[in-house]
Every structure is written in C-alpha cells, then in structure tokens.
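Worksheet for the structure shown next.
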Amino acid sequence: MTLACRNTQEVLHNGSKAVLRTCINNTINPPYQSARNPEEEPVIPDTTVFEQDNASLPLAHAERLPTVAECAIHLELLETLFHLRQQILQSGDIDKTMGTTPNRQTKTGYNGDTKTFKDDTLESRRQTKWPRFIEFAVVRFLDWRARLAKEGDKGDAFTLPPLDVIMVWHTFLLNPLLFNKHCRTEKLYEFPLPWQAIHKCINNGDWSFAPQAEAGADSLSLFELFSTWDSYLADQRSDVKSKLSLASIGTDLFDTTQTDSASATRTSNFPSILSSLTSSSTRTQKPQHITREDLETLPATNPVRAHVEMFLSVDVNLARELKAAVLRQNSFVDKMHSHLWIRSPSLQDTLARSLSRYSQFLLLMRRNRGKMMVPTLDIDLAWHTHQCAASGYVQETKKRVGRFVNHDDSIGKGDLDTGSGETRRLWRLQFGGEYHICGCWDCEMLTSEIEKEFKYRGGADDEDEKYQIDMQAVAERVDNKVRFYRAVEAARRKGHALPVMPRSQKPERVL
C-alpha cells in the first residue's frame, strides 16, 4: 500500500515506542488518567473478537478456513503457554522439586573473613526445567489419549484436560503427518481443539488458566469433583466412576510439581522420584530403575504412582517425537509474544488480513506444486489454527490445494531462507503485492486506518475525492491509539491501575 510509506511508518514506530519507555521508566507522567475502578478500565482485547463467527458450521468436519474468533483464542492460548514456561523457569519451588539448587562457593580470605559467591551456572541449569516439564506433559497426554481411545466420550460433551496436556495435543495437531499416522483411526482425529471452551478457561488479564467443565449431561468434571489425587483414588462410588472425565490424570502439572507447604501433602515423594524419571526419559528410555515392584512402596494415594505408571507404559518413540516438537514450538510462541497481537489495537483487522493472506497462500501452493512455500508469521498463525481441526484441515486443503498439505517445522534455517525468497517472488508475480509485512502495532494500525478511509470514502461521487486521504490526520489517529494501547500494556505489566483514554482521542465516527 503506497500510502503507508516508509517515512510514515518510521515516525509512528519511534513515537509509540517512546511512550512505552516513558511509562515503564516513569520519567514523566503519561497524558492519561488512571481508572478509578475496574468498570472504568479499558477492555483489551475487546470481547467481541472472541464471538464465534460461523458458529453454525460443525467444528470437527468443517471444510472451511478458521475464523477470526478461533485465531484470537489461539493467540490467547499461545500467550498462556508463554507465561506457563516463564513461571516454570522462574519457580523456586520447581527448582527444589527438580533438584536445581544454587551451588554457592564460600571462600575464606587471608584475614579469616568469608565470602559466599553467586552461582553463575544457576540460570543455565534452570533452563533444563522446561524440557523436563515437557517430558511429564507428553506422557500425561499419551495417557489421556489412551483413555480417550479406550473409553470414548459420551454424546457431544467434552471436558478439557489440564493445560500441559492441551499444550502437547496442540503441538501434535501442528504436525499433521505425524498426527494422521498415529490418530487417523481414533476418535481424537475427529476432535478439533475446542476453542470456545479454552477461551473460557483463560484469564487474559494475567494469562492464568483455570479449567472448567463443559456443559453436558454425560460429562462430569474431575476438576470440580476432586481437589486432590487422594480423594480421587479413595473414591469408590461406581456411579461417579462411570461418569469420570477423560482428564483422569489429575490437576495441572505445574501445581503438582510445586513443593510449597500448600501442596506438600499431594507431592510427597514426588521430588525424589522426579529426578529418576527425567534422567531416564531424557534419553528417551523408560525408567529402568523404577519397576512395578517399586510402585508397591508408594502409597496408593500418591500422584507419583500414577505418573510412574505412565512412564512405564509410554510409546517411547512417539514420546520422543512429541517432546522435540513441543520444544520446537518455543520459537513460534516467543514470536507471538513479541508481536503481542492479542493486545494490539487492530487485532480483529490483523487476523482478518492474515486469514485472507492464508487463503492466497493455499492458492499459491496449488499453482506451484513441488515448490516449498514458506509462510510469513501472520499466515503461519492462520495455518496453525487451521491445523487444529485435523479432519476438517485435511479435507479443506485437499479441496483448495489438490493434495494433503503437511506442516514440517523441523526444516533448517538455510532451506527456510531459500524457500522464503522464492515464495516472495512467486507472491509478487501472482498477486502483485509485497509478501513480507512488518506486523508491529503501528504498521497494522496504519494499514487498518487507511483501509477504513478507503471504505468510508468509497461512496463519494467524485472519483478524485475517493483517494484524497489526509495522511496527517490518519497518522495522528494511529499514533494516539497505539500510544494509548502501549500505555495500557505498560501499566498492566507494572501492576498499576490501567489508564483511561481521553475523550478528545476517542473516535468521532465508526469507519
């Protein structure tokens, strides 16, 4: 779009980033009043973006592209997973659980005085917590999948598993060839990620995840029935067991691995056995030094016993592939967090454009068979969202591309760079526009405002008037709105009351 020139973009970049630095450093007060109560606080993201468009279409077999609502909830999930990883890496309790403790050296000087030195290796050793956490998440997912295949689920009711299991399920779906190989004949193949149910569990203020049961006469939520594994394993009521949720692996894994006083009862013996499990499973082997006989030494009410059972029965090869796939997803999750479209002032427009470009991307695949097409970040988001409904994805891509389309996230950087350049060339030839986009809040908001100006002026009688856009006014609106959204995000991160947009900056018309 020629009106969105480089100079205009650079001015907006510099201006909006300056206000973020100002708000974070508190060098001067930003030009906003703070909300006096929660009712005055701005709602970001706007709740309307999550309303399910195309709700009449069945999700499992929907031969369609994703919706804006599904992409928005996908962004919520990715941000929640980013914060889960940060919690794990920063958790002192999980440091203790996984044996990651500081190794501080104390040295005595010539005068007999002593000094304890900081452990410079601690932060690097803490990074191993995430791969270990993933190993447990993978075996919990495989256990959940086995129960689903064995027991099925009655009717259309579906109870969400814990977040760590959803994370692995999500990654499994993003590897369509692997997923189809293992799940093509299973009921799991017909289950898309239940976006609206996931949305209800996410607090997009602090990115916490609180599981809750889906409505259904034949579904009973384990999360509401049992607050601890003790009560679950001790409960002998057959009428309850016949209705148990498939998420019988228990509560969230992050909570289970804590060793604070609040969870000491539930996690008794967990730290001592965790190291044994992870030291073996990192070599993608079953824990050789933990046997069935060893299980008898553990109380029946201890969650460790259930997790040991999972490790002993896991499909090691599949577990290894899933662990590697989840680790590879860290890069995409980090990129989504960096762009933070979920808090962008042009969220809905950005997602609508990404879906439109994804449709063009599929057309490009169809017309260039045999060439590797590399998506941009916005197209990849839509592509990932589409893959989260396995059955519908296969049918729709066959219709649009003429074949099954795999998504290989293990391709090396060199091949990706070559493919990206070729995709850019083909895109220009096919659609006559630029392929790569910046994706920052400023550029996305600028594009949205120009599009709205064209739409607003589209009914003008004078052809010249349709294209006489006041770019100074457009740039000012963009600058004001992006500055405000950045100020809100800065206040949120510092735990301050959120600012309120001045009346003078509120739009006078809906474009």
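Annotations
- Top-ranked residue in region 491-510 [being surrounded by fewer than 14 Cβ atoms within 10 Å (Cβ to Cβ) and closer than 20 Å to Val478 by Cα; ranked as modelled with the highest pLDDT]: Pro502
- Selected residue (criterion: nearest to Glu309 (Cα to Cα)) from residues of region 136-192 that are β-branched (Val, Ile, Thr) and at pLDDT 85 or above: Val139
- Residue that is nearest to Tyr189 (Cα to Cα), among those in region 420-437 that are surrounded by 15 or more Cβ atoms within 10 Å (Cβ to Cβ) and under 26 Å from the mean Cα position of the chain (by Cα): Ser420
- Residue tally, condition at pLDDT 75 or above and at positive phi, over region 103-135: 0
- Scanning region 375-389 for residues that are out of contact with any Cys (no Cβ under 7 Å at 6 or more places or on another chain) and touching a residue at least 60 places away in the same chain (Cβ under 8 Å) yields Thr376, Leu377, Asp378, His384, His386, Gln387, Cys388, Ala389.
The values are calculated or read from the model by the stated rules, or taken from the named source; none is laboratory data. As the structure is a prediction and not an experimental result, all values here were calculated from the model. With ideal geometry, Cβ positions are generated from the backbone for all residues, glycine too; neighbour counts draw on all protein chains shown.
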